[in-house]
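The values are calculated or read from the model by the stated rules, or taken from the named source; none is laboratory data. What you are looking at is a predicted structure, and each value in this text was computed from that prediction instead of being measured. Using ideal geometry, Cβ is built from the backbone for each residue, glycine included, and neighbour counts are taken over all protein chains shown. For accessibility, only protein heavy atoms count, side chains too; no ligands or nucleic acids. Shrake-Rupley method; radii C 1.70, N 1.55, O 1.52, S 1.80 Å.
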Amino acid sequence: MLLTSMNTDTDGTYKRVIKRVTDRVKRYYKDRFGDTAFSKEEKAFNEFKRTLGVKYHGYFEEIHDRFFNKDGTRKSNPEPRPDIRDQVDAEVYSKLEKYYTALIESRSKGGKNILVFSEVRVYDPREQEAGTIDLLIVDEDGTGNIFDWKFMSVAEGQKDVQWYKQEAYNIQLKRYRDMLLANYGVKKIGMNRAVPILFQIKPLDKRVEGSKPTLTGINVGSVDTTKIEDLRLVPISEKQKAQDLKVLISLLHN
């Protein structure tokens, strides 16, 4: 049974959510780094990125709804894409749509009849804990494949996603896997990935009063990971150590 409400228990009733999977991630960061103090500028920049992340998660959900019904079945005729006037937003939408459709195509090769769900809300009654899976693809044999979109920025010259973020993603992905296996009759998990999507951000100009950072675009990798040359765009997999996967991809390109 796949859920559509954060307050829904596995039996279809409504329960008050006590904990969220993201609380585990927050606890990990606090245990690792303590209470981090951010400057006013850092807080503003973090909020800028958070707002963008929420917005573009919404784009993914809108793209999904154009192609699939609420029950996970494919629509006979996809809905038309929206008219997005802002050039940057339109380019972001196109890149996300390209990645989404390539992912669906890769999982349905050979005429496989997959079910696809977006923003899947899951609940563990034992732990009274809820979470939201960004995209869940169910294969014909019932195998669940989890994909979590990670919109982020990286420092100039940074060659990989920070190790502590990789660890945090694995905490989240492992919990989603355990919740599906324990509470929803899923017998097996296939892919279980956090997909990095990098913001291209023009920083504020400190010489100009009231200047703000602006988004100029995004970078997202290929569904075929052997074609990814930028290690920062390689998905983080829960089922094998993230660094091992990145080393493998690096060796393939050398």
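With a cap of 11 neighbouring Cβ atoms within 10 Å, and only residues DSSP puts in a loop, list the trypsin sites (Lys or Arg not before Pro) found in segment 42-97. Listed in order of number, the matching sites are 70, 75, 85.
Size of segment 139-193 from its Cα atoms: along the principal axes, largest to smallest, the extents are 44, 20, 14 Å.
In the assembled protein chains, residue 94 presents an accessible area of approximately 50 Å² (probe radius 1.4 Å).
Rolling a 1.4 Å probe across all protein chains gives residue 39 an accessible area of roughly 50 Å².
The simple Förster model, with R0 at 41 Å and r as the Cβ-Cβ distance, assigns residue 112 and residue 51 a FRET efficiency of 0.65. Our coupling estimate for segment 175-191, obtained by passing each phi through the Karplus curve with A = 6.51, B = -1.76, C = 1.60 and θ = phi - 60°, is 5, 4, 4, 4, 5, 5, 5, 7, 10, 10, x, 6, 8, 8, 10, x, 6 Hz, Gly and Pro reported as x.
Charge dipole (Cα centre; +1 on Lys/Arg Cβ, -1 on Asp/Glu Cβ; no other charges) of the chain amounts to roughly 440 debye. With each label modelled as a point 7 angstrom along the Cα→C-beta vector, the residue 23-residue 44 pair spans 3.4 nm. Placing dummy labels 7 Å off each Cα toward the beta-carbon, the span from residue 158 to residue 187 is 4.2 nm. The calculated pair-distance distribution of the chain uses every alpha carbon pair, bins of 5 angstrom beginning at 0, and gives 1, 5, 11, 16, 18, 18, 14, 10, 5, 2, 1, 0 percent. For residue 51, the solvent-accessible surface with a 1.4 Å probe is about 70 Å², rounded to the nearest 10.
Maximal additional length on extending the residue 31-residue 126 stretch stands at 31.8 nm, based on 0.36 nm per residue less the C-alpha distance. Here the Gaussian network model covers the chain, with springs between Cα atoms less than 10 Å apart; of 83, 224, 71, 83 fluctuates the most. For segment 101-209, GluC sites (Glu not before Pro) are listed when DSSP marks them as loop and at most 13 other Cβ atoms sit within 10 Å of their Cβ; the list is 140, 156, 209.
Per-peptide packing, taken as the mean over residues of other Cβ atoms within 10 Å, places 24-30, 192-198 in the sequence 192-198, 24-30 from highest down. Annotation for segment 105-170: trypsin sites (Lys or Arg not before Pro) lying in DSSP loop with at most 11 further Cβ atoms inside 10 Å of their Cβ are 112, 126, 159.
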